[in-house]
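Let me begin by presenting the structure, written as structure tokens, before commenting on it.
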Amino acid sequence: MVEGSCKQVSHYKIEEKLGEGQFGTVFAGKDLRNGETRAIKMINNSKLQSNQQKQALHREIQIMRNLNHKNIVKLFDDFETIKNQYLILEYCSGGDLSSKKGCGEHQTVKYLRQIISGLKVLQSNQIIHRDLKPANILLSDSSPGADVKLADFGLSRQINAESLAKTYVGTPLYMAPEVMNVRYNKGERYTDRADIWSIGCISYELITGTRPYKADNLNELLYVLKETISSKNFLTPENFSPVCRDFLSKIFILEPQNRISFEELCEHRFISGEVSPIIELESLYQKFEPSSKEEALETADVLYHLAKEVPHPFLFYLKNCMLLESFLDDSQCARAFKLNFAEAKKTKNKTDWESTSTTREILEKAVQLCRSDAHVAPHLLKENYRQALALVNSLPVSNHVLRLKEAISKQIASIM
Ligand code: ADE
């Protein structure tokens, strides 16, 4: 075998290149013994700066081989040649979380719960990732329910922190300040709170589609962190629900000792989710079947008004037609049907409605309604919750509805 020119190493066939990371190149490949697709990571020995680092990598690989968790990329095999170290990894065909930026709070929480599950296992093995970012959080496949898998952990730990930041390819935008600059860590070793910072950056980006802060180089980044992050102005009420703002504001704290701990983070309401009214609303809506023409008309009316406020109204109008369809013998329902159908036809071509879902549209509106905090005038805040309540009131009574009503009513009552 001649490395570099050949397409096979050990009993693995190397296929196309999947990506290039800080510590090596990843290829798709096949285990020739069983035909299974694998990801093959090739780490050039020259990237490992000392024998000590090499030994540490081997120790880490030993731990990785014994990790077996659905939220961690599995290491199937490893070996070395004169030039390279090879890791034979579970292949994830769904790409990475970079493609999910801007997916909103609801979906972000789903991802976060899985990331946290994976991190818990790493932590119980004394592994701190230190370089957690969307690009090394993979998806098992491209289905909506794909598993999230942490990749590339362990390797970053072999490089000392300062050189990790300095030799970084690009700017380490997700890296905790204490990893970039020892000034923040008071000479202590990093703790799991370094990964928590990265979780904050990833959450921000998944929710909004934009970065919490931008910088072109390390010096600028350190300046931006000091100026922007300390002010917390970037956590705007327009972009985040109150519970999410609280979550992020406890993460974006420069000094690791003052940052939320991993245990606290797991228990935070944003993650442990006493089910939020918004999420309940979504599941209610999915199950909703009107049993009378009054109910159908009332719901259709609420949806008709919501449709005017969302980016993809087509599905709202269409859903209304479906709600009203069984009651077309009633002249009011027939008129409402006609109106909704006409609106649906008008908006159909203007939107990429096929890529969305009615549920998401409802969710978007519900998020808007329930999203408010102390900076909003109390009467506006109350009005928002009232509108949310009106929406819920249009649904048939069930345990779900009652709980939801109770939750929103509580919020209204808490506003004097
Ligand atoms: N890129 C990096 N690691 C990968 C993996 N395990 N599967 C697919 N693509 C990857």
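The values are calculated or read from the model by the stated rules, or taken from the named source; none is laboratory data. Keep in mind the model is a prediction, meaning the values are calculated, not measured. Cβ placement follows ideal geometry from the backbone for every residue including glycine, while neighbour counts extend to all protein chains displayed. When the accessible area is computed, the model is the full protein with side chains, heavy atoms only, and any ligands, DNA or RNA have been set aside. Shrake-Rupley method; radii C 1.70, N 1.55, O 1.52, S 1.80 Å.
If ligands, DNA and RNA are left out, what is the accessible area of Glu105 with a 1.4 Å probe, given in Å² to the nearest 10?
30
When only Cα pairs under 8 Å and 6 or more residues apart are kept, what is the percent relative contact order across region 1-140?
Worked out over region 1-140, it gives 18 percent.
Can you give me the long-range amide H partners of Leu18? Hydrogens built in the peptide plane at 1.01 Å from N, cutoff under 5 Å, separation of 5 or more residues or another chain.
Correct list: Val26, Phe27, Ala28.
Residues of region 1-150: accessible area per residue at 1.4 Å, in Å²?
48
Considering only the other residues whose Cβ falls under 15 Å of the Cβ of Glu205, what net charge follows from Lys and Arg at +1 and Asp and Glu at -1?
+3
Would you kindly state how much longer the chain becomes between Glu406 and Gln332 on full extension, computed as 0.36 nm times their sequence separation minus their alpha carbon distance, in nm to one decimal? Walk me through the intermediate numbers first.
Values: separation 74, 0.36 × 74 = 26.64 nm, distance 3.18 nm.
Using 0.36 nm per residue and subtracting the Cα-Cα distance, I get 23.5 nm.
With θ set to phi - 60°, apply the Karplus curve 6.51 cos²θ - 1.76 cosθ + 1.60 along region 336-341 and write out the HN-Hα couplings as whole Hz, x wherever there is a Gly or Pro.
4, 4, 4, 4, 5, 5
Sum up the charges of everything whose Cβ sits under 12 Å from the Cβ of His69, counting Lys and Arg as +1 and Asp and Glu as -1, but leave His69 out.
That sum, taken over residues with Cβ under 12 Å, equals +2.
Ordered by residue, what ³J(HN,Hα) values in Hz, to whole numbers, does region 65-72 give under the Karplus form 6.51 cos²θ - 1.76 cosθ + 1.60, where θ = phi - 60° and Gly and Pro are x?
So the Karplus estimates, Gly and Pro as x, are 5, 8, 7, 9, 9, 5, 9, 10 Hz.
Of the listed peptides 87-99, 124-136, 65-77, what is their order by residue-averaged count of other C-beta atoms within 10 Å, with the highest listed first?
Output ranking for 87-99, 124-136, 65-77: 124-136, 87-99, 65-77.
5 Å is the cut-off here: which amide hydrogens, built 1.01 Å from N in the peptide plane, fall below it relative to Glu36, excluding neighbours closer than 5 in sequence?
The list, which skips near neighbours in sequence, is Asp31.
Under 25 °C and 0.890 mPa s, how fast does region 6-103 diffuse according to Stokes-Einstein, given a Kirkwood radius computed over C-alpha pairs? Answer in µm²/s, whole number.
Once the numbers are plugged in, D ends up at 170 µm²/s.
How long are the semi-axes of the ellipsoid equivalent to region 87-140, from square roots of 5 times the Cα gyration tensor eigenvalues, in whole Å, largest first?
20, 16, 10
Mind checking which lysines have their C-alpha under 21 Å from Lys41, skipping anything on the same chain fewer than 8 residues away?
Within the straight-line cut-off, Lys41 pairs with Lys7, Lys13, Lys17, Lys30, Lys54, Lys70, Lys74, Lys83, Lys133, Lys149.
Count charges around Glu15 for me, please; just the other residues with Cβ under 14 Å from its Cβ, Lys/Arg as +1, Asp/Glu as -1.
With Lys, Arg at +1 and Asp, Glu at -1, the neighbours total +3.
Per residue of region 217-223, in order, report the coupling 6.51 cos²θ - 1.76 cosθ + 1.60 (Karplus, θ = phi - 60°) as ³J(HN,Hα) in whole Hz, putting x for Gly and Pro.
With the stated coefficients, region 217-223 comes to 8, 4, 4, 5, 4, 4, 5 Hz.
Just to verify a number: what accessible area does Ser10 come out at with the full protein assembly present, 1.4 Å probe, Å² rounded to tens?
60
In region 2-127, carbon and sulfur make up what percent of the accessible area (probe 1.4 Å)?
47
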